[in-house]
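Please treat every number below as a calculation from the coordinates, not as lab data. Please read these numbers as outputs of a predicted model, since none were measured by experiment. Cβ placement follows ideal geometry from the backbone for every residue including glycine, while neighbour counts extend to all protein chains displayed.
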Ligand code: WTA
């Protein structure tokens, strides 16, 4: 038996039960969780209908539950009318107006508290501002903002008037922003003069100007929130300051009654081919799953301070910052800056300062902070923490144990939540008062979510510890509805593999003897760098768009902190650079990718060769390249290569 195998067997049998104290106070106990699962398996449709009636406020109650007539474009509750912002803000502002909705921690250490009443009036006022600009239902609004309350206000304001928001992560380049503006044909872009990051200013307005100038689609207006006060270019006809826009606007704005299927937002994510795809979500189904999973998984109580460290530019920042917690009337913390600013204790300092009780982050952040030793978190008071969570990638057992021992002091359950941009909310996760957790496993599906692992022919894999495709067998309310502007791609990507029978997540996974799920990774060419999805193709297209590059192939390589790092093999036009020339060119290409996509896509390593290894039919031999990048022994047949000597170049030996 290999050490790895022994380690994995040990992991699977090591489990952690929630404490009696936690179980006693949990929102969901074992009986309730079993009842929910039983109800869902007895009558899937009725289960969701009852939740939708109990958990959401409707302007017009629905009669239809699931409409399968256009499958796999499933629709839920499609004769009902609802509003996501009403359910988040009005409901809670009327129940508990003075409750803190948002605690904002700026990078410079200043903080601000916003009550539900205030959040409602600020959102309404901004929604009226958008209306003044002529924004109407179905218009697309791109939000390219720092991580600050105004980003959430902008999202909620769109939801209020039925505009579709498309949030673009502030770390993406102007070029990536341009692609997203064009694809969504955005009417308005909301940005800021800049964002603070690690003590520097990220010039968001400048990037927006470049993107808008290069876009083939004309953007009507750019709304600019003043965050840094730095001087920025201003186009008087097109640009308007946030403060000027809302001045004179009423702080009451009726929420529009919208069809349950009205698109709430588009969020772009990477696939294995082509440009990022605009994942389109609905209104009612999405908020239903966001609210219930938030309450169950994070066991939210009235005095909790919930901190999800994700930026609103990612799905986690949509579901568990901008929507789920507000739908549940919780208090969230939003932090503007870098986890390591001004020092590596910043996260723990924030937990102490604001008495954070529930903390949700990505394994990559845990690994990065773990590297700095136990003394840093130990020098802060983390005694208010009662529950921890992770998302975005498999967590290695070592990081899990550190999180458990050093941050949670063995007292806090850890919820490892598996889900995707496409699923809208968490799908497989422990319920903290019910499930025994295992380091590295996301454990069990949520009630109502029918997860399975199937083989190549689509048959369930019954045997434990056998890998297969992770699929969802029944439609669920918060599933993506389509890919914006490309329904064919939606069908091909998620449904064609098993003839439309199941949603194919694109991950491989297995179940252990206890039925716990273990995610093994992507089955396609999607990388997971620091918990963020990136298509190899995206980085390759960025590389080949450089005038000096003829061909490029990108593969992932395991990385201690980031999970995966990006390794690029590049064939240049003209002679293969070596020595100093190669170094210069590596530097230049890294910068180039940064400009084309953003810092997260910068290759960690670039190696030049005269050629890329290809099969006879001309396909790049990616498995071979992966083995080379990882410095593994080559087991692939390379006899078909025209020139075997390039292997040495690819290995960096020549
Ligand atoms: C991976 C993030 C293991 C997975 C919410 C998935 C995970 C992709 C986990 C989606 C987890 C997410 N354990 N792997 N707990 N959570 N993943 O769309 O490969 O940014 O398909 O959504 O991240 O990434 P996305």
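Starting from one equal scatterer on each C-alpha and no solvent at all, send me the Debye-based log10 I(q)/I(0) for region 63-138 at q = 0.17, 0.27 Å⁻¹, two decimals. Normalising to I(0) and taking log10 leaves -0.85, -1.13. Mean silhouette area of region 400-480, derived from the convex hull of its C-alpha atoms and averaged over all directions, reads 6.5 nm².
Our analysis of the chain gives Rg over Rh at 0.95, with the two radii drawn from alpha carbon positions and Rh computed by the Kirkwood formula. What the Cα convex hull of region 530-650 gives, in volume per residue, is 112 Å³.
Shown for 190, 566: other C-beta atoms within 10 Å of each C-beta, ranked fewest to most, produce the order 566, 190.
Taking max minus min of the alpha-carbon positions on each principal axis, region 473-591 gives extents of 56, 38, 21 Å, largest first.
In the chain, the DSSP-assigned H stretches of four residues or longer account for a calculated mean residue ellipticity at 222 nm of -8500 deg cm²/dmol, using -39500 (n - 2.57) per stretch and the full residue count as denominator. Can you tell me what share of the DSSP beta bridges in the chain is antiparallel? A percent to the nearest 5 is fine. Taking every DSSP beta bridge within the chain, about 55 percent pair in antiparallel fashion.
Based on a Kirkwood Rh over C-alpha pairs, give the Stokes-Einstein translational diffusion coefficient of region 11-90 at 37 °C and viscosity 0.692 mPa s in µm²/s. The calculation lands on 209 µm²/s.
Arrange 491, 103 by Cβ neighbour counts within 10 Å, fewest through most, would you? Present the calculation step by step, with values, prior to reporting the outcome.
Numbers: 491 15, 103 23.
Fewest-to-most ranking of 491, 103: 491, 103.
With semi-axes defined as the square roots of five times the eigenvalues of the C-alpha gyration tensor, the equivalent ellipsoid of region 156-226 measures 20, 16, 10 Å, largest first.
Within 10 Å of each residue's Cβ, count the other Cβ atoms and sort 343, 209, 486 from fewest upward. Present the calculation step by step, with values, prior to reporting the outcome.
Numbers: 343 9, 209 21, 486 16.
Lowest count first: 343, 486, 209.
How big is region 398-535 by the Kirkwood estimate over distinct Cα pairs, in Å?
Mean inverse Cα-Cα distance, inverted, gives 16.1 Å.
Once you order the gyration tensor axes a ≥ b ≥ c over the Cα atoms, which shape class does region 306-372 get: rounded for a/c under 1.5, otherwise prolate or oblate by comparing a/b with b/c? Since a/c reaches 1.5 and a/b is larger than b/c, the shape of region 306-372 is classed as prolate. Short-range pairs are left out: with C-alpha atoms under 8 Å and at least six residues apart, the relative contact order of the chain is 13 percent. Using all pairs of distinct alpha-carbon atoms, the Kirkwood hydrodynamic radius of region 102-191 works out to 13.8 angstrom. Computed from the alpha carbon atoms alone, the convex hull of region 73-117 holds 96 Å³ per residue. Scaled to the globular estimate 2.2 N^0.38 Å, the Cα spread of region 583-651, given as radius of gyration, is 1.26. Roughly how many Å is it from the Cα centre of region 482-546 to that of region 579-654, as a whole number? So the separation of the two Cα centres works out to 23 Å.
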